[in-house]
Every structure is written in C-alpha cells, then in structure tokens.
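Below: the structure, in structure tokens.
The values are calculated or read from the model by the stated rules, or taken from the named source; none is laboratory data. Everything quoted here is computed from the prediction, not taken from an experiment. FYI the Cβ positions are ideal-geometry reconstructions off the backbone, even for glycines, and counts take in every protein chain you see.
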Amino acid sequence: MVLKSAYEIAMEKTGGRAGRRLTEKEKEKLAEIRKRFDAKIAETRILYEGKIRAAERSGDPGSAEVIREEMMREIEKIEDDREKERKKVLGSS
C-alpha cells in the first residue's frame, strides 16, 4: 500500500488545479451534492441497521455480518457516485 501526501490527495481531488478558486455556483453545486449524498448514506444506514438488528435478534450473527457487508458495499457505491458528480462540477469550468 502506497501512502500519499496531503498534497497528492489534494491534487487528485482538484484535478491538478491546486491554485484555482471555486466559483460561487460551483460551491453551491458541491454543497447540494454533499447534502444529497449524505442523505442517501444516512437513509441506507437506517435501512440496513434495522435489518442487522433483526438478524441479530434472530440469533444468526452470520446473516447480520452478511447484511453489514452489503450495507458497506452500498455506501461505497453511493460515495463513488458522489465523487463522480463532484468531478463533473470541478471539471466543468
């Protein structure tokens, strides 16, 4: 595993445009994307945590773990989608 410096991570996130300032419109779009995807993640956690508790109550810890892993995959997918939308906004200017 290769560790990256904060500078390298920032360059990746900004598409290599380290000194460029965001416009107000870009800031608004990014805030809307963050809110929308944070809500999707919260909704997913609530849905899956109910399923996990039900599986744990049924006495089957294995199925609870399977559901937990499914939840994490779903959250990763949502986070990937959020990053794609962020890149669209950052790449549009």
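Keeping to the stretch 18-37, report how many residues are in contact with a helix residue (DSSP H, G or I) (Cβ under 8 Å, 6 or more places away or on another chain) and either modelled with pLDDT under 75 or among the β-branched types (Val, Ile, Thr) (or both).
Count: 2.
Could you count how many residues in the stretch 59-91 are surrounded by 10 or more Cβ atoms within 10 Å (Cβ to Cβ) and not in a helix (DSSP H, G or I)?
1
The conditions are (1) modelled with pLDDT of 90 or more; (2) surrounded by 13 or more Cβ atoms within 10 Å (Cβ to Cβ); (3) closer than 16 Å to Lys87 by Cα, and Met11 fails exactly one of them. Which is it?
Answer for Met11: the failing condition is (1).
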